[in-house]
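J.: Just dropping this structure here.
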Amino acid sequence: MQSNFAGLIINLFDMITFENLPQSVQKLFDKVESIEKLIIEQSVNQPDPEKDLLTVDEAAEFLNLAKPTIYGLLHRKELPNMKRGKKVYFSKKDLIDYLQAGRRKSMEQLKEERKSLGFNNKMKGLNDE
């Protein structure tokens with residue numbers, strides 16, 4: 001990518017003459033403006049690490065659980081968390097991973113998994129009937 005950029009700069013300087021200087025400056029200005037817009041767009045789309053951290057109340061709301069349930073999961077060390085002093089924080093990504101780890105497979109997924117493992121015999125509850 002860097003070589004493409006260098007090539008672009010060289011091409012721009014080859015095209016610039018005294019006669020077309022105002023147009024060339026305008027083209028450069030337009031390019032810089034479009035790059036600035038891309039940078040701003042990318043920075044807006046990147047998650048803010050501070051907003052990624054949740055408190056106990058926010059985690060309870062995010063997981064749709066009661067606060068005592070959250071504390072019970074914490075006590076049993078089932079919920080990924082970070083602790084600073086007496087404050088407990090949760091990463092939104094870790095909570096999503098926690099939820100996905102408890103995801104159950106559909107009957108179709110179970111059938112496909114059995115086939116891929118070489119089990120073609122019928123199993124109670126997994127029959128196509």
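J.: For the range 58-108, give me each residue that is loosely packed, with under 11 Cβ neighbours inside 10 Å and small (Gly, Ala, Ser).
T.: Answer for the range 58-108, where residues must be loosely packed, with under 11 Cβ neighbours inside 10 Å and small (Gly, Ala, Ser): ALA66, GLY85, ALA101, GLY102, SER106.
J.: Follow-up. The conditions are (1) hydrophobic (A, V, I, L, M, F, W, C); (2) assigned to a helix (DSSP H, G or I); (3) at pLDDT 85 or above, and LEU12 fails exactly one of them. Which is it?
T.: The single condition LEU12 does not satisfy is (3).
J.: Can you pull out every residue in the range 84-105 that is over 14 Å from the mean Cα position of the chain (by Cα) and under 13 Å from ALA59 (Cβ atoms)?
T.: Those that are over 14 Å from the mean Cα position of the chain (by Cα) and under 13 Å from ALA59 (Cβ atoms): LYS87, VAL88, TYR89, PHE90, TYR98, LEU99.
J.: Let me ask something else about it. Does LYS111 satisfy being surrounded by 12 or more Cβ atoms within 10 Å (Cβ to Cβ) and modelled with pLDDT under 90?
T.: yes
The values are calculated or read from the model by the stated rules, or taken from the named source; none is laboratory data. These numbers come from a predicted model, not from an experiment. Note that we place each Cβ from the backbone using ideal geometry, even for glycine, and neighbour counts take in every protein chain shown.
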